[in-house]
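The values are calculated or read from the model by the stated rules, or taken from the named source; none is laboratory data. Bear in mind that the values here come from a model prediction, so they are computed numbers and not experimental data. With ideal geometry, Cβ positions are generated from the backbone for all residues, glycine too; neighbour counts draw on all protein chains shown. Only protein heavy atoms, including side chains, enter the accessible area calculation; ligands, DNA and RNA are left aside. Shrake-Rupley method; radii C 1.70, N 1.55, O 1.52, S 1.80 Å.
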Amino acid sequence: MNIPKLQVALDHSNVADAIRAAVAVGNEVDIVEAGTVLMLEVGSEVVRTLRTLFPNKTIVADTKCADAGTTIARNCKAQGADTMTCICCAELATMKAAAKEIDHIQVELYGEWTYQQAQSWKDAGIDQVVYHQSRDALLSGVTWGEKDLNKVKKLIDMGFKVSVTGGLTIDTIDLFKGVNVYTFIAGRAITEAENPAQAARALKDRMIELWSE
Ligand code: 5RP
């Protein structure tokens with residue numbers, strides 16, 4: 001089983017803080033994400049700065065695109081993103097349109113979705129989904145648990161590369177031990193730590209420890 005990748009989500013509300021965090025942790029992680037919060041606030045141009053800083057890393061634009069797939073994907077690609085996200089309630093037509101313009105797209109799973117929909121994404125050539133615990137749901141008391149694990153496992157069995165995200169900490173990743181998670185995406189656990197580089201390294205070390213056993 002492969003060791004999952006570590007992706008940092010930059011969800012700052014201004015470019016300076018996001019870039020400061022990116023510089024601090026970029027070399028500790030496998031993938032750098034321009035988070036939805038950041039992109040909504042400052043626009044997709046921040047992706048260009050990340051691309052310049054990290055010419056050889058995968059850069060994700062977390063657009064959670066719901067419509068206008070062609071234009072949004074074209075813009076993200078022009079700024080240097082390798083991959084972008086579409087929200088699971090988007091029309092398949094939006095996902096397919098986006099996929100024509102950028103190297104790769106991922107479907108962000110929030111709220112209600114079905115395995116039948118998931119199969120239609122797969123049939124359309126989409127190979128990656130992001131299993132997401134909503135920040136607001138977590139804040140209202142929802143926790144990671146067996147129900148999440150079962151859905152993640154089922155998506156992996158369907159043949160998806162599955163990223164897992166939403167308020168992850170070094171302790172919550174333990175739940176997924178032995179599961180072929182493709183990527184863990186962490187935002188605040190890294191960027192709001194006293195020492196973000198150390199926090200990223202600790203997450204990566206824990207993943208190596210758990211997935212090498
Ligand atoms: C919010 C997001 C975040 O980028 C993702 O959840 C990771 O952030 P955190 O670890 O801080 O929850 O997509 O919609």
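Restrict the check to the stretch 81-90 and report whether at least one residue is more than 16 Å from the ligand (Cβ to nearest atom), surrounded by 17 or more Cβ atoms within 10 Å (Cβ to Cβ), outside any loop (DSSP other than H, G, I, E, B) and on the phi < 0 side of the Ramachandran plot. Break it down stepwise before answering.
Keep residues of the stretch 81-90 that are more than 16 Å from the ligand (Cβ to nearest atom), which gives 82.
Okay, now just the ones that are also surrounded by 17 or more Cβ atoms within 10 Å (Cβ to Cβ), so 82.
In the following step, the residues that additionally are outside any loop (DSSP other than H, G, I, E, B) were identified as none.
Checked against the condition, which is being more than 16 Å from the ligand (Cβ to nearest atom), surrounded by 17 or more Cβ atoms within 10 Å (Cβ to Cβ), outside any loop (DSSP other than H, G, I, E, B) and on the phi < 0 side of the Ramachandran plot, the stretch 81-90 yields no hits at all.
For the stretch 29-64, a residue qualifies if it is open to solvent by 10 Å² or more (accessible area, probe 1.4 Å), within 16 Å of the ligand (Cβ to nearest atom) and either farther than 25 Å from Cys88 by Cβ or assigned to a helix (DSSP H, G or I) (or both), and the qualifying residues are Thr36, Val37, Met39, Leu40, Glu41, Val42. No other residue among Thr165, Thr172 is in contact (Cβ under 8 Å) with a residue 12 or more places away in the chain, more than 18 Å from Glu108 (Cα to Cα) and of a type in the set (Ser, Thr, Tyr) apart from Thr172. You will find that of Ala118, Ala98, Ala78, the residue that is at pLDDT 95 or above, small (Gly, Ala, Ser) and over 29 Å from Pro55 (Cβ atoms) is Ala118 and no other. Number of residues in the stretch 1-28 that are open to solvent by less than 10 Å² (accessible area, probe 1.4 Å) and among the β-branched types (Val, Ile, Thr): the value is 2.
Looking only at the stretch 189-208, count every residue that is touching a helix residue (DSSP H, G or I) at 6+ places or on another chain (Cβ under 9 Å) and assigned to a helix (DSSP H, G or I) and tell me the total.
Quick first cut of the stretch 189-208, residues touching a helix residue (DSSP H, G or I) at 6+ places or on another chain (Cβ under 9 Å) only: 189-193, 195-201, 203-204, 206-207.
Checking the rest, the ones that are also assigned to a helix (DSSP H, G or I) come to 189-191, 196-201, 203-204, 206-207.
The qualifying residues number 13.
Could you check the stretch 167-213 and list, in sequence order, the residues that are of a type in the set (Gly, Ala, Ser) and surrounded by 15 or more Cβ atoms within 10 Å (Cβ to Cβ)? Show your work before the answer.
Taking the stretch 167-213 as the starting set, the residues that turn out to be of a type in the set (Gly, Ala, Ser) are 167, 178, 186-187, 189, 193, 197, 199-200, 202, 212.
Within the stretch 167-213, Gly167, Ala186, Gly187, Ala189, Ala193, Ala197, Ala199, Ala200, Ala202 qualify.
From the residues in the stretch 130-147 that are within 21 Å of Cys89 (Cα to Cα) and assigned to a helix (DSSP H, G or I), which one is nearest to the ligand (Cβ to nearest atom)?
Going through the qualifying residues, I end up with Arg135.
Every condition in (1) open to solvent by 60 Å² or more (accessible area, probe 1.4 Å); (2) among the β-branched types (Val, Ile, Thr); (3) more than 13 Å from the ligand (Cβ to nearest atom); (4) closer than 25 Å to Leu210 by Cβ holds for Val162 except the one numbered (1).
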